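A short reminder: the numbers here are calculations on the coordinates, not readings from a lab. All values derive from a computational prediction rather than experimental measurement. Note that each Cβ is placed from the backbone with ideal geometry, even for glycine, and that neighbours are counted across all protein chains shown.
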């Protein structure tokens, strides 16, 4: 009896995982498209702000993500395993609920402003994670296209975060009034994109972040650059080496017909020489 119960429990466990995979297969494509829209809205929010319509769209997308997560969490037979695999997704769904801390900016309360910046940093990290998963599903994790697309994603999202954390207004809020008055920080999103691109190419920049959130994000960008830029460089070098090998093979193939012809002519000469020698050794019919 106990063995039958265990078998039934195992079968139910497998059926629930299969149902979860089936749901993922159905919702993958719509959620991937929404993930890219979500990342775009994040960049706009950090750089120019969202108007009421875009803010409403952002909340609708968040609600759809939350609904999908709740459904999958209910179906998943192993809740802890599911949370271990999707903990960043869970954090990204909790963060929008804390956007209300922005209203405390008007009060200039240091703790509230610091909490808002911390939430913004977590939003950057979790949004990049969602965009990374969407990019991996679309392009595959082992292609150079995936690495390039992921790098571009991190470039523009990271620049949006840096533009928010290291703007003159953010520097003044963080207590760096003298630096902000001296012109430190990023005056525009374009400057932040250029700075982030220099970090991702490991070249660096003359400016280094002053806020805690900016420094943490800069460190994360640097870690990514060290891990990925070498791979991109090796892939580009491998491409050119492969082109050289293909050109060499093409030249060898083009030269091959001439070499074969020379070999055939040499063989014909040998045959003619042997035939001439045979005819020369044969006695003439008049006996001379």
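Would you be able to tell me the number of residues in the stretch 76-87 that are part of a helix (DSSP H, G or I) and crowded, with 17+ Cβ neighbours inside 10 Å?
Within the stretch 76-87, residues that are part of a helix (DSSP H, G or I) and crowded, with 17+ Cβ neighbours inside 10 Å number 1.
With respect to residue 153, is the statement that it is part of a helix (DSSP H, G or I), within 16 Å of residue 41 (Cβ to Cβ) and touching a helix residue (DSSP H, G or I) at 6+ places or on another chain (Cβ under 6 Å) true? Spell out how you get there, then give the answer.
On the way: part of a helix (DSSP H, G or I): yes; within 16 Å of residue 41 (Cβ to Cβ): yes; touching a helix residue (DSSP H, G or I) at 6+ places or on another chain (Cβ under 6 Å): yes.
So residue 153 fits the description; yes.
Testing residue 191 on (1) assigned to a helix (DSSP H, G or I); (2) over 15 Å from residue 117 (Cβ atoms); (3) more than 24 Å from the chain's Cα centre (by Cα), one condition comes back false. Which one is that?
Unmet condition: (3).
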